[in-house]
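A short worksheet on the structure shown next.
Each value in this text was obtained by applying a stated rule to the coordinates, not by laboratory testing. Predicted, not measured: the structure shown is a model, and the values here were computed from it. Cβ placement follows ideal geometry from the backbone for every residue including glycine, while neighbour counts extend to all protein chains displayed.
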Amino acid sequence: GIAEKTHPDDVISRRYADPADHRVVLYVAYYGREASRAQVVAVCAACDILDTHAETLEIHGTSLTVNRVHARARDRAGVEEMIVYWFQSGGRAYQDPYRGKLEQLVRALRTRHSEGALIRITAPMAGGEQEAHASVVAFMKAVVPALGPYFHD
């Protein structure tokens, strides 16, 4: 998996389900130094990418641009998943890993802090793409504000 390839300092990997049994997986990999390690295999270690694009979501009045991926898992009988991920460094979120790396370098020079995280939310697409997307967005609205205090300048 990702943790074995990028060696994060800490990982949260949790499965959640709402009362209607819409399931999501939250994966947060924290890197105390050199957060760019997260970019090596950010999407998944064992999947085929079917589609990928940037998407800007409104989360409680704040725009968050993320990477949205439609993938097929090789290790789970071809299950199709929606994966939404972004990189967090300091109080800023980055969809583009190169922009994130540049900002991380500037921040490290300015503050001597280079920590960061990969945040990824995955939902199965068994009920279709729209249902998976709705589950991911609803979950993001609950979790993104809770993550905020952990990522500050």
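Amide H contacts for Leu57 (H built 1.01 Å from N in the peptide plane; partners 5 or more residues away or on another chain; cut-off under 5 Å): Leu64, Thr65, Val66.
Packing, taken as the mean count of other beta carbons within 10 Å per residue, orders the peptides 81-87, 55-61, 141-147 from highest to lowest as 81-87, 141-147, 55-61. Translational diffusion coefficient of segment 46-105 (Stokes-Einstein, Kirkwood radius from Cα pairs, 10 °C, 1.306 mPa s): 124 µm²/s. As a rough guide to protection, the peptides 130-136, 24-30 ranked by mean Cβ packing within 10 Å, highest first, stand as 24-30, 130-136. Taking the square roots of five times each eigenvalue of the Cα gyration tensor of segment 49-153, the equivalent ellipsoid has semi-axes of 28, 16, 11 Å, listed largest first.
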